[in-house]
Amino acid sequence: MNPFDLSGRKAFIPGGYGGIGEAIAQALAEAGAAVTAAGRSGDKAQALADKLTAAGHKAFGVAMDGQDTAHIKDAVDEAARLMGGLDILVNCIGMNREQKIADVTEETFDEIYRANLRSAMFLAQAVARHQVAAGQGGKQVHLLSVRSQLGMRGFGYSAYCATKGALVMLVKQHALELAPHGITVNGVAPTVVLTDAAEKWRSDETRWAALLARIPLGRVAQARDVAGAALFFCSPASDFVTGQTLYVDGGITASQ
Amino acid sequence: MTLAGKTVVVTGAAGTMGLAVVRAMLEDGAQVALVDVDALRLDSIIRFLRGHTVAVPCDISEPGAVRQAHQQVEKVLGPVDILVNNAGVLSNEKSAGTTDAEWRRVMGVNVDGAFYWSRAVLPSMIQRKWGRIVNVGSLAAKTGGLTAGTAYSTSKGAIAALTFSLAREAAPHGVTVNAIAPAYVKTPMVTEQLNEAQRRQILAQIPVGRFCEPEEFAHAVRFLASPLAGFVTGEVLDVNGGLHMD
């Protein structure tokens, strides 16, 4: 038996066409799951679905505005309809806008809160409704961050750190509420991952060098590193693991 | 998830959890050295295993015995790629009931043994730029032991610190070091030492409503040894059914 096999499972991946989301969608599809990627751009979600379909996988794309709860519910229902069920949620939605404490605006703070925390709540709710109704258990995984645990020295990270920290507690509470239904809920917490979105880090040589110096493994995470942890939490291998956060950080939190 | 060509050492291999790990590693194509203090049990187990195995009787609390056992493994299977420091003994005695001998016995196996084996295999892993060490901690290190005693809880706290320290030392060389902190795996060590009232009380506290299957513990080892976890180091992975979340 391969404990990482996802044959016959159906996974919904909001934020699924970003650098990390795409790697996760690919990993889950390669493990045998049908996947539906979702995000603000239905075209990008569909493009990823087409790519996966061309590679022989079962994949769909749907448009979803994570800032809008009704939209979230509709997108989840649509994904369940397309795949004929819903077993797995991997929430890859996340955003950041740097603002130092003196400059934080209500608009930006609320926007990040809605993207990072509020959407996670209502994604979990909408997916849990399908999972509980089906009575087959299930998996929910949220993308956290090393900023769930560590503050960010020298930068304006109030909204990001606070919302990612709160996600840890959301994971724990959902784990408890969903445990009686055989649904596990866990978090994957990476450090900076080598994606297009991380390019702004790379362009700042000092910041990049400082980042590398802090990572004991001596390299920056690839998207597939995060996908590996997500696959573990989506697979039967982790059926007894719930309410946990796995740091995929090359040793950063172990040493700070 | 192939481990073809990899050499794995599992300590405490004759126990329920150790054997589950051995089976998983063999299934993934690795060759496995089964290390255990119980030579007779090792002998009877190894007959039933398919794959490339070697039985290595060893009291891991003795540094000389570990050195010898390690040499034997290298001679038969080659250098060690993956070390699973699984061996452990349980003591439910709280401080007042812990004798000097009990304290030494628990520390000797749980801490000294893990250290001696790690020290033995690390140089070659570092030299070959790849290695995986998986330690076995416990929920007891974080809770002070729900039913486990003082020496056991302390020894598992030491395992967490050993994991962090080795992870830091080995990270620049392609070697990851992590720990798994299981709670209430269905082993004789755990289940036979709980009375019925304790059993029911603990089950009621575990959110997923059941004890951990030995195979589920092995899956976590598999994950940490696999390419899926290549960027994970210095982590303690809790496998506890939601009994403790931190």
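The values are calculated or read from the model by the stated rules, or taken from the named source; none is laboratory data. All values derive from a computational prediction rather than experimental measurement. Cβ atoms come from the backbone with ideal geometry, glycine included; neighbour counts cover every protein chain shown.
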Q) Does B:Met245 satisfy the criteria of being of a type outside the set (Lys, Arg), surrounded by fewer than 17 Cβ atoms within 10 Å (Cβ to Cβ) and either more than 10 Å from chain A (Cβ to nearest Cβ) or outside any strand (DSSP E or B) (or both)? A) no
Q. So which residues in segment B:32-53 are surrounded by fewer than 18 Cβ atoms within 10 Å (Cβ to Cβ) and β-branched (Val, Ile, Thr)?
A. B:Ile46
Q) Within segment B:159-178, how many residues turn out to be of a type in the set (Phe, Trp, Tyr) and either at pLDDT below 95 or over 20 Å from A:Ala221 (Cβ atoms) (or both)? A) 0
Q: Please state which one of A:Ala11, A:Ala45, A:Ala38 is out of contact with any Cys (no Cβ under 6 Å at 6 or more places or on another chain), in a helix (DSSP H, G or I) and in contact (Cβ under 8 Å) with a residue 12 or more places away in the chain.
A: A:Ala45
Q. Which of the following residues is part of a helix (DSSP H, G or I), at pLDDT 95 or above and either closer than 23 Å to B:Ala179 by Cβ or aliphatic (A, V, I, L, M) (or both): B:Arg67, B:Arg132, B:Arg104?
A. B:Arg104
(Q) Restricting to segment B:43-64, name every residue that is in contact (Cβ under 8 Å) with a residue 24 or more places away in the chain, part of a helix (DSSP H, G or I) and under 22 Å from B:Arg222 (Cβ atoms). (A) B:Ile45
Q) In segment B:97-139, what residues are within 13 Å of B:Leu83 (Cβ to Cβ), among the charged types (D, E, K, R) and in contact with a helix residue (DSSP H, G or I) (Cβ under 8 Å, 6 or more places away or on another chain)? A) B:Arg132
Q: Could you figure out which of (1) in contact with a helix residue (DSSP H, G or I) (Cβ under 9 Å, 6 or more places away or on another chain); (2) surrounded by 19 or more Cβ atoms within 10 Å (Cβ to Cβ); (3) closer than 18 Å to A:Asn91 by Cβ isn't true of A:Ala197?
A: (2)
**Q.** Criterion (more than 19 Å from A:Leu117 (Cα to Cα) and touching a strand residue (DSSP E or B) at 6+ places or on another chain (Cβ under 8 Å)) met by exactly one of A:Ile24, A:Ile13, A:Ile20
**A.** A:Ile24
Q) Just for segment B:145-161: of the residues that are crowded, with 21+ Cβ neighbours inside 10 Å and hydrophobic (A, V, I, L, M, F, W, C), which one is nearest to B:Phe115 (Cα to Cα)? A) B:Ile159
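Are any residues in segment B:100-144 of a type in the set (Ser, Thr, Tyr), surrounded by fewer than 20 Cβ atoms within 10 Å (Cβ to Cβ) and more than 16 Å from B:Arg67 (Cα to Cα), and if so, which ones?
B:Thr143 - this is the single residue of segment B:100-144 that is of a type in the set (Ser, Thr, Tyr), surrounded by fewer than 20 Cβ atoms within 10 Å (Cβ to Cβ) and more than 16 Å from B:Arg67 (Cα to Cα).
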Q: Looking only at segment A:202-218, count how many residues are farther than 26 Å from A:Asn91 by Cβ, more than 7 Å from chain B (Cβ to nearest Cβ) and either in contact (Cβ under 8 Å) with a residue 60 or more places away in the chain or part of a loop (DSSP other than H, G, I, E, B) (or both).
A: 1
Q | Any hit, segment A:236-256, residues being more than 8 Å from every other protein chain (Cβ to nearest Cβ), under 16 Å from the mean Cα position of the chain (by Cα) and either touching a residue at least 12 places away in the same chain (Cβ under 8 Å) or assigned to a loop (DSSP other than H, G, I, E, B) (or both) | A | yes
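So that you can scan it fast, the table gives a plain yes or no per residue for (1) buried (at least 21 other Cβ atoms within 10 Å of the Cβ); (2) part of a loop (DSSP other than H, G, I, E, B); (3) among the polar types (S, T, N, Q):
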residue	(1), (2), (3)
A:Arg81	no, no, no
A:Leu86	yes, yes, no
A:Leu89	yes, no, no
A:Arg114	no, no, no
A:Gln125	no, no, yes
A:Ala128	yes, no, no
A:Gln136	no, yes, yes
A:Val141	yes, no, no
(Q) One residue is enough: does segment B:163-181 have a residue meeting the conditions touching a Phe, Trp or Tyr at 6+ places or on another chain (Cβ under 8 Å) and more than 22 Å from A:Gly251 (Cβ to Cβ)? (A) no
